[in-house]
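Asks: Encoded as structure tokens, here's the structure I'll be asking about.
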Amino acid sequence: MFNGKISCMILTTLVFMVSFTFLPGLKAEAADPVHTVISGETVESIAKTHDISAEQLMKTNGLPDDKLFAGQKLTIIQTAYTPSIYQWSERGKKIAKYARSFIGFKKTAGEETPEKGFDSSGLIHWVLSRQNVPVDRLTVDGFYKQGMDTATPKTGDIIFFLEKDSLKVVTAGIYVGNNQFVNSGYGAETVQVRSTTEDYFAKYQVAYKTYTPKGEHIVQTGETLKSISENYSISLSTIKSRNALNTDELMQGQYLQLYSNPLYPFYVNQEAAYDKAYDVIKYAYTLRGFTYAFGGEDPMTGMDCSGFIYWVMKEQGLSVKRGSAEEYFSLVPKIDNPKAGDLVFFSDTGTRLGVTHVGIYLGDGRFLHTTENAGVHISNLSSGYFAEKFESFGQVESLMD
């Protein structure tokens, strides 16, 4: 009996100590509640259930629109959402939040949608493209080649794991900070939050790439060049120069470079193909993400590949006739050593035969073009599809009157 009393006293003391020592900390670090979407629920109904606004729910979880998927995990935060002035940071956070919402979704090789599942590159493509980052559907190796190196990874960047000897890319995920990343299925059967400290990943070399570069602003509805200039304390003339804007008029969705160093510096060490080649490239960069429309030549209604070429050159004061990819191909000398601003041609794309696609060469194997799925975006000549379809480079000066 004496021993029983002592045991009881010890147990009571331990419970008191645990409560006193740990409960306040647990309370302070309690995770935000998570709502798992069930079939038939909407953004409005979930927001009403948790007594928050639909806008709050969407911004907290980086939702690009009000489309939900059964099984999606949405974080519920009551405090007001306060966006950062720097859109690059905000976009990265949205990418990470949206990626987290698919935790638990199944791994399916070769797939890229919530309905069918994701492989690791499919998850990256789904999340980036749904967050208005215009990208091709690539393998993890393709995403590695396409992204820009960063020594200071931020939330929303892509983390890659490479074999230390061969540097072969093994898998990749979406970085969410604190050595954690969202990955689909490498060593598991579902989308999970993993850590670089796990034994499973420790044997690989880690590298980071960014698709949301610092200093890039996406023009929003109602914004003007003047308001953006004031928000960032950068002069109108500087913004216009860095983006080769000939007027103060902006289009919603344009990507504006705000820093002095180019965000996509593929053309910097390349010889320019003609006097205004750099300006054409700078301006063309601002149109990334604008939609594709067969036969179109206006960003506001959509452009096809040759219409894109025609628009950016026309806007830079260059007199170029409106033609198709095949017509441009017939007009330019074929060259083996392209300069920044020259054209790159492809054959038998889609269901059409002959020379059917054209883009602007940037240097370093990259080119800028527009396609049906991604709109205006940057691609790499080393990717499997474009390597197979490549026809030739063309000297662009011949197009100018």
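The values are calculated or read from the model by the stated rules, or taken from the named source; none is laboratory data. The shown structure was predicted, so the numbers you read here are calculated from the model rather than taken from an experiment. Here the Cβ positions follow ideal geometry from the backbone for every residue, glycine too, while neighbour counts run over all protein chains shown. Surface accessibility is based on the protein's heavy atoms, side chains included, excluding ligands, DNA and RNA. Shrake-Rupley method; radii C 1.70, N 1.55, O 1.52, S 1.80 Å.
Asks: Do any residues in region 327-340 that are within 22 Å of residue 279 (Cβ to Cβ) have Cβ atoms under 6 Å from those of residues that are assigned to a loop (DSSP other than H, G, I, E, B) and open to solvent by 90 Å² or more (accessible area, probe 1.4 Å), where the two are at least six apart or on different chains, and which pairs are they?
Replies: 339/271
Asks: Would you check which residues across region 207-244 are over 24 Å from residue 378 (Cβ atoms) and either assigned to a strand (DSSP E or B) or among the basic types (Lys, Arg) (or both) and list them?
Replies: Of everything in region 207-244, just one residue is over 24 Å from residue 378 (Cβ atoms) and either assigned to a strand (DSSP E or B) or among the basic types (Lys, Arg) (or both), namely 226.
Asks: Only one of (1) surrounded by 14 or more Cβ atoms within 10 Å (Cβ to Cβ); (2) not in a loop (DSSP other than H, G, I, E, B) is not met by residue 55, so which one is it?
Replies: The single condition residue 55 does not satisfy is (1).
Asks: Kindly check whether there is at least one residue in region 289-305 that is farther than 18 Å from residue 374 by Cβ and hydroxyl-bearing (Ser, Thr, Tyr).
Replies: Taking every residue of region 289-305 in turn, none turns out to be farther than 18 Å from residue 374 by Cβ and hydroxyl-bearing (Ser, Thr, Tyr).
Per-residue answers, yes or no, for (1) open to solvent by less than 20 Å² (accessible area, probe 1.4 Å); (2) among the charged types (D, E, K, R); (3) in contact (Cβ under 8 Å) with a residue 60 or more places away in the chain:
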| site | (1), (2), (3) |
| --- | --- |
| 113 | no, no, no |
| 136 | no, yes, yes |
| 144 | no, no, yes |
| 151 | no, no, no |
| 156 | yes, no, yes |
| 161 | yes, no, no |
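Asks: To continue, here is another question. Considering 230, 189, which residue is among the charged types (D, E, K, R) and closer than 21 Å to residue 104 by Cβ? Break it down stepwise before answering.
Replies: Values: 230 fails: closer than 21 Å to residue 104 by Cβ.
Matching residue, one of 230, 189: 189.
Asks: Given the condition under 21 Å from residue 89 (Cα atoms) and either among the charged types (D, E, K, R) or over 21 Å from the mean Cα position of the chain (by Cα) (or both), answer yes or no: does some residue in region 241-254 qualify?
Replies: Step one: of region 241-254, the residues under 21 Å from residue 89 (Cα atoms) are 242-243, 252-254.
Okay, now just the ones that are also either among the charged types (D, E, K, R) or over 21 Å from the mean Cα position of the chain (by Cα) (or both), so 242.
Yes, some residue in region 241-254 is under 21 Å from residue 89 (Cα atoms) and either among the charged types (D, E, K, R) or over 21 Å from the mean Cα position of the chain (by Cα) (or both).
Residues are listed down the side, and each one gets a yes or a no for (1) out of contact with any Cys (no Cβ under 6 Å at 6 or more places or on another chain); (2) aromatic (Phe, Trp, Tyr); (3) in a strand (DSSP E or B):
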{"residue": "121", "(1), (2), (3)": "yes, no, no"}
{"residue": "129", "(1), (2), (3)": "yes, no, no"}
{"residue": "134", "(1), (2), (3)": "yes, no, no"}
{"residue": "142", "(1), (2), (3)": "yes, no, no"}
{"residue": "145", "(1), (2), (3)": "yes, no, no"}
{"residue": "152", "(1), (2), (3)": "yes, no, no"}
{"residue": "165", "(1), (2), (3)": "yes, no, no"}
{"residue": "175", "(1), (2), (3)": "yes, yes, yes"}
{"residue": "192", "(1), (2), (3)": "yes, no, yes"}
